[in-house]
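The values are calculated or read from the model by the stated rules, or taken from the named source; none is laboratory data. Note that the coordinates shown come from a computational prediction; the quantities given were computed from them, not determined experimentally. Neighbour counts are summed over all protein chains in view; Cβ atoms, including those assigned to glycine, are modelled from backbone coordinates with ideal geometry. With ligands, DNA and RNA removed, areas are computed over all heavy atoms of the protein, side chains included. Shrake-Rupley method; radii C 1.70, N 1.55, O 1.52, S 1.80 Å.
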Amino acid sequence: MNWFRRNAASQQSSQPSQVAQNIAPTPAPSEPTIRSQSGNAVPVISSTMMDYPLTVQFIFQRAKTLFPKRELVTVTADGYERSTFGEVCANAEKIAAALNIMGVKKGDRIATLAWNTTRHLELYMAIPTMGAVLHTLNLRLASDQLGFIIQDAADKIIFADADLLPLLEKCRPYMGSVERIVVMNGSAASQPADFPPILQYEDVIANAPTSFTWPELDEREAAAMCYTSGTTANPKGVVYSHRSVYLHASSLIMTDTIGLSGSDIAMPIVPMFHVNAWGLPHAAAMVGSKVVFPGKYMDPARIARAMADERVTLSAGVPTIWLGLVQFLEKNPTVDLSSIRYLVCGGSAAPSALIAALDKYNLKLLHAWGMTETSPIGSISRLKAGMESLSYTEQLAIRAKQGFPVPGVEIRIMNMETGKEAPWDGVSFGEIQIRGPWITGSYFHSENLEQGESKFIDGWFRTGDVATMDPDGYIQIVDRTKDVIKSGGEWISSVQLESIIMAHPRVAEAAVVGMPHPKWQERPVAAVVMKPDQPPMTLEELRTFLEPQVAKWWLPDAIVITSAIPKTSVGKFDKKILRSQLQDQVHLAD
Ligand code: AMP
C-alpha cells in the first residue's frame with residue numbers, strides 16, 4: 001500500500017479502533033533543528049552538503065599547490081628581496097615542524113613582533129595551520145602596554161625582527177610565559193641575561209624536518225588574535241577563528257568589495273600586526289596575488305618607488321599614508337603609478353579633499369570602515385549602479401562616506417538615547433551595531449575586563465562609533481561615542497569638521513576636539529597643521545572658510561596651529577592626548 005492509500009484508509013473512521021488505542025503511538029522521528037535569530041529551535045530538513053571545515057589550512061594548501069611560482073617581494077634597505085608562495089609554504093611547513101618539536105600544542109599563542117615581510121607571511125601560514133594561534137604584537141606600543149598584552153595572551157614563543165629586540169627586552173618583566181625568542185631578518189647582538197633563549201630563524205628552518213603532518217582542525221578553533229589599540233582602557237584581545245579568517249578573506253576577493261584577484265599585485269601598507277593587515281595576506285594566498293611587502297619603509301618616497309618598480313595594482317593603508325603620497329606626488333608628478341587600480345583607505349575617515357587630490361593623479365581611493373573586533377572589513381563605499389550619472393561633487397560626497405555593509409555582515413544604527421533604530425535619513429545618528437560571521441562575539445579573558453556597559457546586545461556588537469545611515473544604506477561616521485562634541489545639548493561631529501578643514505588648500509592635517517565651556521558644556525577647538533611654508537591660519541579665517549558649509553554653532557571657538565597631531569600606535573588621531581595638550585593652551589570663556 002502506498003503512503004496515500006494507507007493514510008486515506010486510516011482516516012475512514014473518525015473513531016480510533018480498540019486495537020489502535022492499545023498500540024503505543026509511534027514517536028515522531030526527531031527532526032534536526034537550527035537556532036533562529038530569536039534563539040528558538042526551528043526544525044529543518046537536513047541539508048545534503050558536506051560539512052567541510054573552513055580553515056587557514058585550505059588557504060595554505062591553495063597557495064602551495066596552485067600558485068607556487070607567484071612572486072612575493074619585500075622592500076629592504078638596499079632594494080628588494082624576492083621569494084615565491086612555493087618557498088614561503090615550504091618554509092612555513094618547516095617552521096610548523098620545528099614548533100611541534102619545541103612542544104607547541106593546539107591553541108598555544110605564538111606571537112610575532114615584526115614588520116610586513118615575507119618572513120611574517122611564513123608565520124601567518126605556519127602558526128594557524130599547525131593549530132596554534134598567531135598573535136601579532138603591535139610594535140608601536142609602549143613597552144608596558146606591549147608587556148601587558150604578552151602576559152595577558154600568555155605567549156609561548158615570540159618571533160621578532162632583529163631591530164625590534166631592544167623593544168622586546170624592555171618587556172622582560174612580563175615575559176614569564178615566553179619560552180623562546182626566534183629572531184628574523186637579522187641576528188641578535190647578544191643573549192641578554194634573564195631573557196628567554198634566542199634562536200635564529202634561519203637556523204630553525206635549516207634544522208627542521210621538511211614536512212609536517214597537519215593536524216585535523218575544526219573551523220571554530222582559534223587561528224589568530226589581535227589586541228585592540230585601546231586609548232582609554234587596557235587593550236582587549238580579539239580571537240579570530242579559522243572560519244572567520246576564511247570567510248573574511250573570501251569577502252575581500254568579491255568584486256563588489258575590494259575585489260582582490262590573482263592578477264593583482266597587492267601592497268599592504270597597513271601593518272601585519274594590525275588586524276591581520278586587513279586580511280590581505282590571507283586573501284592574496286587564497287587567489288595567488290603577487291604581494292609587495294614594504295618592510296619597515298613607510299615613507300612616501302619609498303612606497304611610491306616600490307609601487308612604480310613592481311607595478312602595484314592595489315594597496316591599503318590609513319589616510320595619513322595617502323596624504324603623504326599626495327604631498328610626495330605634488331613634488332614628484334612624473335612618478336608612474338598608472339598600474340594602481342585602488343588605494344584602499346580605512347582606520348580613520350578619508351576626507352573628501354584627499355579623495356579628490358588622489359583623483360587628480362588618477363588614483364582611486366576606496367573608502368572602507370572596520371575595526372579590530374570586525375576582522376576588520378565591515379563596510380565599503382562603492383557607488384551603486386546608476387550613481388555614475390551624478391555630478392562629480394555628489395559622487396565625491398558618497399565616496400567619502402564609509403559605505404554600506406559588505407555581503408555577510410549586517411549593520412544597524414541605534415539611537416543612543418531612545419535605544420531604537422535610527423531612520424535611514426542621512427541625518428539622524430546613533431551607534432553603529434554590527435553582526436556577522438567575522439564579528440567578535442566576546443573578548444579574550446572577558447572575565448578579567450573592567451565592568452562597564454556591555455559591548456554586546458541581542459547578538460549585535462556595539463562598535464562605539466556614531467554614524468548616520470542615508471536612504472541608500474550608506475553609513476557616515478560622525479564620531480567615536482567618546483569624541484562626539486556636545487554643545488548646549490546639540491551634537492557636533494568632529495570628524496565632519498576635520499574633513500572640511502582638511503579641504504583648505506593651506507592645511508595639511510586637522511583634528512577637532514570638544515573642550516570644556518562654562519556655558520555650552522563643550523565647544524569645538526581645531527588643531528591644525530599647515531602645509532610646508534604656509535602662513536598660520538587665524539581663527540577668523542577658519543570660521544569664514546567653514547561658515548558656508550556648516551551650521552553656525554559648529555564653528556570652532558579656537559584654533560591651535562601645531563607641527564604635528566598626536567597619533568595612536570596605528571596612525572589615528574590620538575584625541576585623548578590632544579585634549580590633554582590643549583588643556584593648558586586653550587581656556588574657553590563666555
Ligand atoms: P582599530 O580597532 O584600531 O582598527 O580601530 C577601529 C576604529 O577606527 C573604528 O571603530 C573607527 O572609529 C575608526 N575607523 C576605522 N575605519 C574608519 C573609517 N573609514 N572612517 C572613520 N573611522 C574609521
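Mind checking which residues of the range 327-355 are in a helix (DSSP H, G or I), touching a helix residue (DSSP H, G or I) at 6+ places or on another chain (Cβ under 6 Å) and away from the ligand (no atom under 16 Å from the Cβ)?
The one that is in a helix (DSSP H, G or I), touching a helix residue (DSSP H, G or I) at 6+ places or on another chain (Cβ under 6 Å) and away from the ligand (no atom under 16 Å from the Cβ): Phe328.
Please enumerate the residues belonging to the range 201-222 that are under 29 Å from Val245 (Cβ atoms), of a type outside the set (Val, Ile, Thr) and either within 29 Å of the chain's Cα centre (by Cα) or not in a loop (DSSP other than H, G, I, E, B) (or both).
Hits for the range 201-222 are Tyr201, Glu202, Trp214, Pro215, Glu216, Leu217, Asp218, Glu219, Arg220, Glu221, Ala222.
Are any residues in the range 119-149 under 18 Å from Thr84 (Cα atoms) and open to solvent by 10 Å² or more (accessible area, probe 1.4 Å), and if so, which ones?
Across the range 119-149, the qualifying residue is only Arg119.
Within the range 381-394, can you find the residues that are open to solvent by 40 Å² or more (accessible area, probe 1.4 Å) and either within 15 Å of the ligand (Cβ to nearest atom) or touching a residue at least 40 places away in the same chain (Cβ under 8 Å) (or both)?
Arg382, Lys384
I need a count of the residues in the range 451-483 that are near the ligand (Cβ under 9 Å from one of its atoms), in contact (Cβ under 8 Å) with a residue 60 or more places away in the chain and in contact with a helix residue (DSSP H, G or I) (Cβ under 7 Å, 6 or more places away or on another chain).
Residues flagged as near the ligand (Cβ under 9 Å from one of its atoms), in contact (Cβ under 8 Å) with a residue 60 or more places away in the chain and in contact with a helix residue (DSSP H, G or I) (Cβ under 7 Å, 6 or more places away or on another chain) within the range 451-483 amount to 2.
Given the conditions (1) open to solvent by less than 40 Å² (accessible area, probe 1.4 Å); (2) within 16 Å of the ligand (Cβ to nearest atom); (3) of a type outside the set (Phe, Trp, Tyr), report the number of the one that Leu542 does not fulfil.
Of the numbered conditions (1) open to solvent by less than 40 Å² (accessible area, probe 1.4 Å); (2) within 16 Å of the ligand (Cβ to nearest atom); (3) of a type outside the set (Phe, Trp, Tyr), the odd one out for Leu542 is (2).
So which residues in the range 322-347 are hydroxyl-bearing (Ser, Thr, Tyr), closer than 26 Å to Leu252 by Cα and open to solvent by 40 Å² or more (accessible area, probe 1.4 Å), if there are any at all?
Ser338, Tyr342
Just checking, does the range 358-367 include any residue being open to solvent by less than 10 Å² (accessible area, probe 1.4 Å), of a type outside the set (Gly, Ala, Ser), within 16 Å of the ligand (Cβ to nearest atom) and not in a strand (DSSP E or B)?
Within the range 358-367, one or more residues are open to solvent by less than 10 Å² (accessible area, probe 1.4 Å), of a type outside the set (Gly, Ala, Ser), within 16 Å of the ligand (Cβ to nearest atom) and not in a strand (DSSP E or B).
Taking the range 229-281, which residues are in contact (Cβ under 8 Å) with a residue 40 or more places away in the chain, among the hydroxyl-bearing types (Ser, Thr, Tyr) and under 26 Å from Tyr52 (Cβ atoms)?
Tyr240, Ser244, Tyr246, Ser251, Thr257
Going by the structure shown, is Gly378 assigned by TED's automatic domain parsing to the domain that holds Ala316, within 6 Å of the ligand (Cβ to nearest atom), of a type outside the set (A, V, I, L, M) and crowded, with 24+ Cβ neighbours inside 10 Å?
Judged against the criteria, Gly378 is not a match.
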